[in-house]
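Notes follow once the structure below has been shown.
The values are calculated or read from the model by the stated rules, or taken from the named source; none is laboratory data. Remember, predicted model here, so these are calculated numbers, not experimental data. All Cβ positions, glycine included, derive from the backbone under ideal geometry; neighbour counts span all protein chains shown. Side chains included, ligands, DNA and RNA excluded: accessible areas come from the protein's heavy atoms. Shrake-Rupley method; radii C 1.70, N 1.55, O 1.52, S 1.80 Å.
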Amino acid sequence: MAKLHISTKINGEPTEFLCDPNDSMLDVLRGPLALTGSKEGCGSGDCGACSVMLDGRLVCSCLMLAAEAEGHEIETIEGMAEGEKLHPLQQKFLEMAALQCGICTPGVLVASKALLEKNQNPTETEVRYWLAGNLCRCTGYDKIVRAVLDTAAEMREATR
Ligand code: FES
Ligand code: FES
């Protein structure tokens with residue numbers, strides 16, 4: 001099968017890759033691009049472990065064809081920290097032990113960042129609703145929700 005040549009931008013970097021027409025974005029991220037932070041929990045859009053941003057919109061990269069990245073911008077968990085400086089959500093998840101096995105964590109972090117960019121002051125219900133598509137088998141969700149709420153409060157405080 002003829003390979004497709006795709007030009008995109010990933011975490012701010014112009015990126016080119018070759019893929020098969022039926023490769024998912026997740027396949028290409030984790031394979032040729034070696035960006036293995038995005039995880040494959042289900043491969044069917046049900047778990048959120050593969051969440052990335054596509055032109056500022058939260059998507060499941062397992063449901064996106066890699067070819068659809070042509071001309072668009074993707075942000076993955078690898079782009080969340082600024083060099084050595086963790087994003088406040090990453091820092092808070094560590095401080096509050098809001099992860100255990102870590103498989104869901106990249107997707108949860110990408111989704112939580114998307115929420116806080118839309119809503120700086122979410123209620124607990126809004127956080128739980130927003131993260132309803134990110135399944136976690138370990139934490140029971142409570143620490144995740146507390147960490148997102150605490151981060152939101154700290155980020156609001158920092159911008160006052
Ligand atoms: S791996 Fe994409 S939603 Fe589960
Ligand atoms: S920490 Fe294990 S699935 Fe969430």
Residue check for Ala111: within 16 Å of ligand 1 (Cβ to nearest atom), surrounded by fewer than 16 Cβ atoms within 10 Å (Cβ to Cβ) and among the hydrophobic types (A, V, I, L, M, F, W, C): no
Residues of segment 132-160 that turn out to be within 13 Å of ligand 2 (Cβ to nearest atom), touching a residue at least 60 places away in the same chain (Cβ under 8 Å) and open to solvent by less than 80 Å² (accessible area, probe 1.4 Å), as a count: 1
Failed condition for Gln120, given (1) assigned to a helix (DSSP H, G or I); (2) open to solvent by 10 Å² or more (accessible area, probe 1.4 Å); (3) away from ligand 1 (no atom under 16 Å from the Cβ): (1)
Subset of segment 1-50 (residues that are out of contact with any Cys (no Cβ under 8 Å at 6 or more places or on another chain), in a loop (DSSP other than H, G, I, E, B) and open to solvent by 60 Å² or more (accessible area, probe 1.4 Å)): Met1, Ala2, Asn22, Ala34, Thr36, Asp46
